[in-house]
Each structure stands twice: as C-alpha cells, then as structure tokens.
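Undergrad: I have a structure I would like to understand better, so I am pasting it below and will then ask my questions one at a time.
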Amino acid sequence: MKKLLSVAIASAVALASPAFAAPSVGDVIIRHANVVDVEHAKTIDDQAVVLRGNDIVAVGPDADIAKAWKAGLTVDGNHRFLIPGLWDMHVHFGGGPDLIEENKALLPLYIAHGITTIRDCSGDLPDQVLAWRGEIANGTLFGPQLFTSGAKIEGIHPVWKGTIEVGSKADVDAAFVKLKKDKVDFVKITDSTLDPQLFLYAVSEAKSFGIRSSGHIPMALTVEQAVDAGISSIEHIDYAYKAGVKDEAAIAADFAAGRITRAEANRRLDAGFDQATAMKAYRMFKDKGVFVTPTLNGGRVLDFLDADDHAHDPYLAYIGPKLRKTYDWRIERAAKATPEQIATRHTHYQQLAAVLPMLQQAGVTIMAGTDAGFLNSFDYPGIGLHDELSLYVKNGLTPAQALSSATRAGPAWFGKLDRYGAIATGHAADMVLLKRDPLKDIDATRDIDTVILRGHVYDRHALDGMLDETRAKVATWNQQAAK
C-alpha cells in the first residue's frame, strides 16, 4: 500500500512539474518571427507570439513557446519582421451625405496597408464617423480601430461644414456638453471664423475636462499662446515653423489689429524663421508634452503639382469619383499659380521639411499622420502613410524614429502605450508582418506579408482581396458616374 501511495505521489509531482505540464492554449501562434522592438530600435530574432482573442498572451524564443503553447492556427513568420500595427493620426472623412459609401470604402484600404488604427480629425460627416467607431468596435463593420473628434469647434458661418459653431463662451460650453455626450476621443478646434480668444478658451476648457485637443491655430495668436492654453497636439508642420519665427508675436498682433493681410502675414512668416527661436520653442513643446503631426506628404503633393499632376496615379482606382471630385478646388487653385508663385511653393515646402529634424533633436514626439481623405488632392488613405514615413527619413529622421512615429507616438498621445506600440504580453493583437527590416529601410513598411487585426490574421491573399473589392466598387461607381 505504501509503495502504491509513493508511486501515486511521484506521478502527481511529475505531472505538476513544468516538464510534464499540458501546453497552454491560444487561438494563434506566430512562429519564427523577428520581432521589432520599436522602443529600443532593435530586432529580436526567431521569436514566437501567442494570441488569444484581442490579446497577446505570450512572447518568447520560438523553441520555448512551441513547447509551452498550442493553438488552432499557426502562422509561419518565416523569419520576417513583426512590427506593432501602424497608426495614421490624421485622417478625414467627408464630402457630404452623398459620399458616405465612398468614404466607407476607404476603411479596408487602411488595413490592407498595415494601418490598424486611425485618428479622424473631423470632416463634415461627424455623426456617421461616430457611428462607424461603434460599429468597428463591436465587430459589425470591418475597419481599423477608429478614434474621432466628432464635430469640430468653429466660429459662426465657417468655411468648414459639419462643425459646432460658437460665438461666445456659452456656445463653447454648450459644445462641450455635446462632445462629452458623444464621448469623443479628443477635440478638434479650427480657425476659419473662430474668435482667437474663444479658441484659447476652448483649448483651456478641453484641458480642464481632461480631453486632448488639436486644431488650427489662428493667425492672430502665437503658437506659444495655444500651447500655454493647453493644446495637446499641433497639426501640420506649418505651425511648428510659425513658432520658429523671431517676430511671430508682432506679426500676430499686426494681423489681429487689421494692419496687415493674411498674405502679408504669411510673407513675413516665410522670411522670419530663426533656428535659435525655433529650438527654444520646440524644447517648450517637449517640456509641455505637445506632439506634432507634420502631414508633410499632403503639402508636398500640392506644392509640386506643377511637376506631377497625379492624373495617372494607379491608386486613383481605389478612390470613388465623388471623392476625386473634391480634389478639384485645390488642383484648380494650384494651376493658376504664376512661375514665381510655383517657385515660392517649392521653397516653402523645403523650409517646412527642414523643421522636422529640429523637432526630433529637441525631443518633440512626432506623430505620423497623412491628412488623407476628401479635399486633400492625391493624399491617399492607406498608401499615404508609407509616403509620409519615407519623407520623414528623406528629411533627416532615422528609419527607427520614423517607425516610432507610426507605431508608438499615437498610443503615447492617447495614453495607451500599455496596450499598443509594442509586441509584448498584455498588448493588443494588432501587428504587421513585413518581408524586410524597417529599421534598415523604412520603405519595408510597404512590403507587407500579413496583417493581424484584433487577433484575426489576414495574409497577402486576403489583403489583396480587400484591395480588389474596393477597386471593383470604385469601377462600378465610375461607370454610374459616366452615364
């Protein structure tokens, strides 16, 4: 009896020991992947990653994970490079109710290009986008994770549609009641007709409510005033450039008093950039936690339309005819430019692009964003983010810094680095498997093998199917428009 009991105890101990434990179970195992640690700009070779639902539940050396885990689906990483999902932190949906379906057709384009999260910076379809956000979150609409500002805050009778018009502090207060009811992810504030002091009030109110804010800073204000009021991100590198102009305050005051036109203000800004002033401003951005979304590619396209009119871009096959029509007003405006104005546009772009490495040197967090969507001519949803990253490297960032701007900066801005921006246990199962190393060549982000979104695996065949489906929809719309 004692002998039998001893055998039973020994067996129980053996079964309880790690060497004899039954493997843990996940939904997906990605094996033999080179995991890119974006934070530390290094690659960890031959790793395995286990997914369960929306979560990463284990990461480690392939041999160890293979012994400890099993799953219903195994993906062979084939020693390719696994990065966190890409984030485009500045997109737009709009063009009016007639363009809702064409806008919705853009959503798969993001996923097909490895973009698992987007930040909508407001167009003229805010209620529709809010609905999409919920549908994507509950799984009834296929698309990337969507954060949105809802309707932007603007002045009375602004240029932009789909806004909350405010003419007083009471109006701003009412706007926040609505925005909080809509549970917006941040607040967008623009300057078409908004009184500059109300702009500052709206920014400060957002801060007091603990809501992040971004926007277009009125010409009558300095960028420092917006930062002091509590703005969370500066959209478009133009405003970072403006902050580097030595007599920015005088220009803002003259414009506010009506002593100069906007054209004259811009002329003085273009001529007044000072590196020492800029670096002081950018260190202030860094100290106050203000991020910058450069949106370089959209400006590049418009500034060089004389050299490339994009009329034959293959990517136009994915953009609906009504959305393409919204491009016309900027194309027509650019076509009217004189040779002198074209030369000025080229110079202006180079001046703006030169700011990028200065921001990086000062420690400012740069967020990759495209400004893609309606109105912004040939600034394409999906592929545009890869064009943006290529420009970052071309203008002085390292591939690692550019990759961080599209994988870690967005989560950092939203306070979600504990969930996104790394391939680690407890993080979201949003990843992209690349055929080449993006730390050596940022254009490797274009060379996508597989996208994992919320734990679902989409191989190259599935990604091509998304592109084909969108192209087919656009072809049908083109035929209908031609009738």
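The values are calculated or read from the model by the stated rules, or taken from the named source; none is laboratory data. Note that the structure is a prediction, hence the values are computed from the model and not measured. Every residue, glycine among them, receives a Cβ derived from its backbone with ideal geometry; neighbour counts consider all protein chains shown. Note: accessible area is taken over every heavy atom of the protein model, side chains too, but ligands, DNA and RNA are not part of it. Shrake-Rupley method; radii C 1.70, N 1.55, O 1.52, S 1.80 Å.
Undergrad: For region 49-67, which positions are surrounded by fewer than 16 Cβ atoms within 10 Å (Cβ to Cβ) and at negative phi?
TA: Hits for region 49-67 are Asn54, Pro61, Ala63, Asp64, Lys67.
Undergrad: With the requirement that a residue be among the acidic types (Asp, Glu) and without any contact (Cβ under 8 Å) to a residue 40 or more places away in the chain, what does region 398-447 give you?
TA: Of everything in region 398-447, those that are among the acidic types (Asp, Glu) and without any contact (Cβ under 8 Å) to a residue 40 or more places away in the chain turn out to be Asp418, Asp447.
Undergrad: Oh, and also: Would you confirm whether any residue within region 346-365 is open to solvent by less than 40 Å² (accessible area, probe 1.4 Å), at pLDDT 95 or above, assigned to a loop (DSSP other than H, G, I, E, B) and under 23 Å from Leu269 (Cα atoms)? Steps first, answer last, please.
TA: First pass over region 346-365, keeping only residues open to solvent by less than 40 Å² (accessible area, probe 1.4 Å): 349, 352-353, 355-356, 358-359, 362-364.
Pick out the ones that are also at pLDDT 95 or above and you get 349, 352-353, 355-356, 358-359, 362-364.
Now narrow it down to the ones that are assigned to a loop (DSSP other than H, G, I, E, B): 363-364.
Checking which are under 23 Å from Leu269 (Cα atoms) leaves us with 364.
Yes, region 346-365 contains a residue that is open to solvent by less than 40 Å² (accessible area, probe 1.4 Å), at pLDDT 95 or above, assigned to a loop (DSSP other than H, G, I, E, B) and under 23 Å from Leu269 (Cα atoms).
Undergrad: Turning to a different aspect of this structure: Which of the residues belonging to region 316-345 are exposed (fewer than 14 other Cβ atoms within 10 Å of the Cβ), more than 22 Å from His92 (Cβ to Cβ) and not aliphatic (A, V, I, L, M)?
TA: Lys336, Thr338, Pro339, Glu340, Gln341
Undergrad: Go through the residues of region 145-168 one by one and say whether even a single one is farther than 27 Å from Ile100 by Cβ and open to solvent by 30 Å² or more (accessible area, probe 1.4 Å).
TA: Taking region 145-168 first, the residues farther than 27 Å from Ile100 by Cβ are 167-168.
Right, trim to open to solvent by 30 Å² or more (accessible area, probe 1.4 Å) and you get 167-168.
Within region 145-168, one or more residues are farther than 27 Å from Ile100 by Cβ and open to solvent by 30 Å² or more (accessible area, probe 1.4 Å).
Undergrad: Hey, among Ile260, Ile251, Ile164, which residue is assigned to a loop (DSSP other than H, G, I, E, B) and either touching a helix residue (DSSP H, G or I) at 6+ places or on another chain (Cβ under 6 Å) or farther than 19 Å from Val364 by Cβ (or both)?
TA: Just one listed residue meets the conditions, Ile260.
Undergrad: Also, quick follow-up: Could you please give the count of residues in region 222-263 that are open to solvent by less than 60 Å² (accessible area, probe 1.4 Å), over 21 Å from Asn297 (Cα atoms), out of contact with any Leu (no Cβ under 9 Å at 6 or more places or on another chain) and acidic (Asp, Glu)?
TA: Result for region 222-263: 1.
Undergrad: Right, here's the next one. If I filter region 17-38 for residues that are of a type outside the set (Lys, Arg), open to solvent by 70 Å² or more (accessible area, probe 1.4 Å), at pLDDT 95 or above and under 24 Å from Ala400 (Cα atoms), do I get at least one hit?
TA: The answer is no, given that none of the residues of region 17-38 is of a type outside the set (Lys, Arg), open to solvent by 70 Å² or more (accessible area, probe 1.4 Å), at pLDDT 95 or above and under 24 Å from Ala400 (Cα atoms).
Undergrad: For region 172-245, please list each of the helices (runs of 4 or more DSSP H) lying entirely inside it that holds at least 2 residues being within 20 Å of the chain's Cα centre (by Cα).
TA: Working: elements: 196-208, 223-229, 237-243.
Counting at least 2 such residues, we get 237-243.
Undergrad: Across region 424-461, what is the number of residues that are assigned to a helix (DSSP H, G or I) and either open to solvent by 70 Å² or more (accessible area, probe 1.4 Å) or out of contact with any helix residue (DSSP H, G or I) (no Cβ under 9 Å at 6 or more places or on another chain) (or both)?
TA: 3
Undergrad: Let me ask another. Which one is farthest from Gly410 (Cα to Cα), of the residues in region 169-188 that are open to solvent by less than 10 Å² (accessible area, probe 1.4 Å) and without any contact (Cβ under 8 Å) to a residue 40 or more places away in the chain?
TA: The qualifying residue farthest from Gly410 (Cα to Cα) is Val172.
Undergrad: A follow-up question, please. Out of Ala400, Ala412, report the one residue that is buried (at least 16 other Cβ atoms within 10 Å of the Cβ), in contact with a Ser or Thr (Cβ under 8 Å, 6 or more places away or on another chain) and not β-branched (Val, Ile, Thr). Step through it out loud before you land on a result.
TA: Details: Ala400 fails: in contact with a Ser or Thr (Cβ under 8 Å, 6 or more places away or on another chain).
Residue meeting the stated conditions: Ala412.
Undergrad: Still on this structure, please answer the following. So for region 293-315 (the condition being within 22 Å of Lys246 (Cβ to Cβ) and crowded, with 20+ Cβ neighbours inside 10 Å), does at least one residue qualify?
TA: yes
Undergrad: Answer with yes or no whether Asp46 is open to solvent by 10 Å² or more (accessible area, probe 1.4 Å), farther than 28 Å from Asp371 by Cα and touching a His at 6+ places or on another chain (Cβ under 7 Å).
TA: On the way: open to solvent by 10 Å² or more (accessible area, probe 1.4 Å): yes; farther than 28 Å from Asp371 by Cα: yes; touching a His at 6+ places or on another chain (Cβ under 7 Å): yes.
So Asp46 fits the description; yes.
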